[in-house]
Amino acid sequence: MDLFFLQSFFARVFERKKTLIFLSVLAVLFTVLGMCFLSSAAVYEYHLSACESFILDICYSDTNVFLIYIERLGGCALLLVLILAGSVHPIALVLPLAVLIYRAFTFGGCLYVFFNYYGMTGAMIVFIIYLPIHLLTDVLLIFAAVTAFARSFRFCAADFSGLLFDALVLFLLAAVVYLAETILLLVLFHPIGKIL
């Protein structure tokens with residue numbers, strides 16, 4: 001992909017500074033709320049299950065890393081599609097907001113559980129792989145939401161090609177993020193033999 005197209009995409013995102021700030025603050029707020037509201041046993045169990053899944057299904061999985069890469073990228077692509085679907089009408093903007101709020105709340109709760117339940121092992125996993133990949137993914141999701149907000153109030157048939165272009169750019173950026181995660185998994189958690 002040409003560097004000009006990437007610059008064009010980022011320029012359009014950063015033109016919407018107020019939307020970008022609003023969505024970033026929303027994500028931070030719900031991350032903090034996710035850390036604070038773990039008093040319910042069901043909520044704590046949900047976050048504990050998510051952390052166990054990350055550790056067992058990604059970090060210490062018997063599954064080869066290529067399949068983990070495809071699965072993780074596919075999950076991110078689904079979230080991007082849900083967020084970009086908010087582009088078609090102002091009422092559909094509930095989708096990007098719901099995705100960002102859910103991810104931020106779950107992220108906050110999982111951070112708490114990683115540190116509280118898993119101790120030093122959890123802290124190592126958080127700082128080495130979970131936090132950087134999650135934050136990079138959230139940045140992409142926020143960028144997608146910014147483009148959805150920008151387009152939703154004036155969406156017409158001509159905007160469909162722009163929507164597809166944004167989806168392609170975001171998917172390629174997500175592919176790079178999850179490739180970095182795959183490399184980290186190979187270096188730190190998976191033997192090289194698990195590539196295939």
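Any read-out appearing in this document is the output of simple, stated calculations on the displayed coordinates, not a laboratory observation. What you see is a predicted model, and the numbers here were worked out from it, not measured in a lab. We place every Cβ from the backbone using ideal geometry, glycine too, and count neighbours over all the protein chains shown.
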Item to complete: Mind putting together the pair-distance distribution for the range 102-196? All Cα pairs, 5 Å bins, whole percent per bin, short to long.
Response: 3, 11, 16, 17, 16, 13, 10, 6, 5, 3, 0
Worksheet item: At 222 nm, what helix-only mean residue ellipticity would the chain give, in deg cm²/dmol to the nearest 500, using -39500 (n - 2.57) for each DSSP H run of four or more?
Response: -27000 deg cm²/dmol
Discussion item. Under the 0.36 nm per residue contour assumption, what length would be gained going from the current alpha-carbon distance of S40 and A98 to full extension?
Written reply: 18.7 nm
Worksheet entry | Helix 94-125 axis, angle to the chain major axis (alpha carbon atoms, nearest 10°) | 20
Item to complete: In whole Hz, with x marking every Gly and Pro, tabulate ³J(HN,Hα) for the range 10-17 from phi via Karplus 6.51 cos²θ - 1.76 cosθ + 1.60, θ = phi - 60°.
Response: 5, 4, 5, 5, 6, 5, 9, 4
Worksheet item: Given the options D57, D138, D166, which has the most mean-square fluctuation in a GNM of the chain, springs set between C-alpha atoms less than 10 angstrom apart?
Response: D57
Fill in: Net length gained if the chain between L33 and A123 were fully extended (0.36 nm per residue, minus Cα distance)
30.4 nm
Worksheet item: What is the ratio of the Cα radius of gyration of the chain to 2.2 N^0.38 Å, where N is its residue count, to two decimals?
Response: 1.08
Worksheet item: Distances over 20 Å make up what percent of all Cα-Cα pairs in the range 42-129?
Response: 48
Worksheet item: Among residues other than L26 whose Cβ falls under 13 Å from its Cβ, what is the net charge (Lys/Arg +1, Asp/Glu -1)?
Response: +1
